[in-house]
Amino acid sequence: MKKSLIIIMAAAAALTACKEKKAAVATEAPAVEVRVAAALGETIPQDVEFTANIEPWQKNYIVPALQGARINRILVKVGDRVRKGQLVAEMDPTQYNTARVQFETAEADYNRVKKVYEAGGISEQTLRQTEAQYLVYKESLDNLAGHVKLHSPIDGVVTQKGEEEGNLFTQNPILEIMQMDRLKVRVNISEQYYATVGVGTPVAISVDIFPGEAFEGNVSLIYPAIDPATRTFMVEVTIPNSGGKLRPGMFARSTINMGDAEGVMVPDVAVQKQVGSNERFIYVIEGNTARRRSVVPGRQIGGMIDVSQSVAAGERVALTSFVRLADGTQIQIMN
């Protein structure tokens, strides 16, 4: 009797174990089919982009020294091209004429007193006093002489007119003139690149209104100090503009090549973004298992992106089936 009971219990235990094994097999998740690609070691150009506004190469304001004088004529209008030395405006000459009469009187007095001094009729001190007055009037006249007929100091384009003919000049510049056959941008660059950037370094300039078009420039000036607040230094980039397509005030992107670096590139579809955060991650295939790994994406070139901080060259990464993957998921590689 006791032997029969033992046999029955053993059979029941075996049946239970068999059922449990079958249940475990039935609930085991099938492997997820995944397409994969190998990470590639590449030499990556380190192109860094900076934003800035385009500025004229030179900007000048036509401002006479004759406060309160009437503006007799303005000879150009907004949009006109002017040459260096071209007459652009004329002021009422009354103040100049008054200064000229005062100068001529002082000059005559000086010449007369000088002759009397040479004849021994007056002291040297009297001569020097007369000469000083004469020189003051001469300086005043010379200063006003360039402010009756106003000339452009540069080749450029008239971009603003601040006064009208007949107005009494008080403060506003009569004209604004910009040189636009070449332009410049000033960009602030991280101090880590100070030893990399030099005068003559090529710069690619792009603007939103001409998508896909690049304009060539070069670094023409490097400011010698680092800003301690931002840890950046400023450079000026010169842009030839003989065609006149670019204009001062345009928003520009300046791209500078900082050399090459070794990186690891994978297809950009492999890099996923965690919903609700800025975390980027990737699934690296280890044997037949997908392992989730956080990444910091670097430079993107075409459809490839640098993940060298997180993935080694030769490692395989998942390209599909992301909604079915999790850390530790068993996978089957698709051909």
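For the subset of segment 206-263 comprising residues that are surrounded by 16 or more Cβ atoms within 10 Å (Cβ to Cβ) and of a type in the set (D, E, K, R), which member is nearest to L183 (Cα to Cα)?
For segment 206-263, the residue satisfying everything is R247.
Can you tell me which residue among G287, G314, G303 is of a type outside the set (K, R), outside the structural domain of T201 (by TED's automatic domain parsing), surrounded by fewer than 16 Cβ atoms within 10 Å (Cβ to Cβ) and in contact with a helix residue (DSSP H, G or I) (Cβ under 8 Å, 6 or more places away or on another chain)?
Values: G287 fails: in contact with a helix residue (DSSP H, G or I) (Cβ under 8 Å, 6 or more places away or on another chain); G314 fails: in contact with a helix residue (DSSP H, G or I) (Cβ under 8 Å, 6 or more places away or on another chain).
Within the list G287, G314, G303, the selection yields G303.
Quick check on this structure: which one of V148, V116 is of a type in the set (V, I, T) and surrounded by 15 or more Cβ atoms within 10 Å (Cβ to Cβ)? Write out each step before concluding.
Working: V116 fails: surrounded by 15 or more Cβ atoms within 10 Å (Cβ to Cβ).
The match here is V148.
Would you confirm whether or not segment 89-99 contains a residue that is assigned to a loop (DSSP other than H, G, I, E, B) and not polar (S, T, N, Q)?
yes
Tell me, please, whether a residue that is of a type in the set (V, I, T), in contact with a helix residue (DSSP H, G or I) (Cβ under 7 Å, 6 or more places away or on another chain) and assigned to a strand (DSSP E or B) can be found in segment 203-225.
There is no residue in segment 203-225 that is of a type in the set (V, I, T), in contact with a helix residue (DSSP H, G or I) (Cβ under 7 Å, 6 or more places away or on another chain) and assigned to a strand (DSSP E or B).
For segment 34-47, enumerate the residues that are surrounded by fewer than 15 Cβ atoms within 10 Å (Cβ to Cβ) and polar (S, T, N, Q).
Within segment 34-47, T43 is the sole residue that qualifies.
Looking only at segment 280-303, decide whether some residue is modelled with pLDDT under 90 and part of a strand (DSSP E or B).
yes
Condition first: exposed (fewer than 13 other Cβ atoms within 10 Å of the Cβ) and of a type in the set (D, E). Now tell me which residues in segment 48-103 satisfy that.
Result: E49, single match.
If only one of I122, I177 is within 29 Å of A252 (Cβ to Cβ) and aliphatic (A, V, I, L, M), which one is it?
After ruling out the rest, the residue left standing is I177.
Conditions tested, residue by residue: (1) in contact with a Pro (Cβ under 7 Å, 6 or more places away or on another chain); (2) more than 30 Å from R247 (Cα to Cα).
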| residue | (1), (2) |
| --- | --- |
| E107 | no, yes |
| K114 | no, yes |
| H151 | no, no |
| D155 | no, no |
| G162 | yes, no |
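Output the residues belonging to segment 29-53 that are farther than 21 Å from V317 by Cβ, among the small types (G, A, S) and either at pLDDT 90 or above or in contact with a helix residue (DSSP H, G or I) (Cβ under 9 Å, 6 or more places away or on another chain) (or both).
Quick first cut of segment 29-53, residues farther than 21 Å from V317 by Cβ only: 29-30, 45-53.
Add one more test, that the residue is among the small types (G, A, S), and what stays is 29, 52.
The answer is A52, and nothing else.
Among what's in segment 228-276 and is aliphatic (A, V, I, L, M), in a loop (DSSP other than H, G, I, E, B) and over 22 Å from T51 (Cβ atoms), pick the residue that is modelled with the lowest pLDDT.
Looking at residues that are aliphatic (A, V, I, L, M), in a loop (DSSP other than H, G, I, E, B) and over 22 Å from T51 (Cβ atoms), I get V275.
Quick check, is Q332 over 30 Å from D208 (Cα atoms) and not in a loop (DSSP other than H, G, I, E, B)?
Values: over 30 Å from D208 (Cα atoms): yes; not in a loop (DSSP other than H, G, I, E, B): yes.
Spelling it out, Q332 is indeed over 30 Å from D208 (Cα atoms) and not in a loop (DSSP other than H, G, I, E, B).
What about S242, is it polar (S, T, N, Q) and either in contact with a Pro (Cβ under 9 Å, 6 or more places away or on another chain) or closer than 17 Å to W57 by Cα (or both)?
Taking the combined requirement at face value, the residue satisfies it.
The values are calculated or read from the model by the stated rules, or taken from the named source; none is laboratory data. In this text, all values refer to a predicted model and were calculated from it rather than measured experimentally. Neighbour counts run over all protein chains shown; Cβ positions are idealised from the backbone, glycine included.
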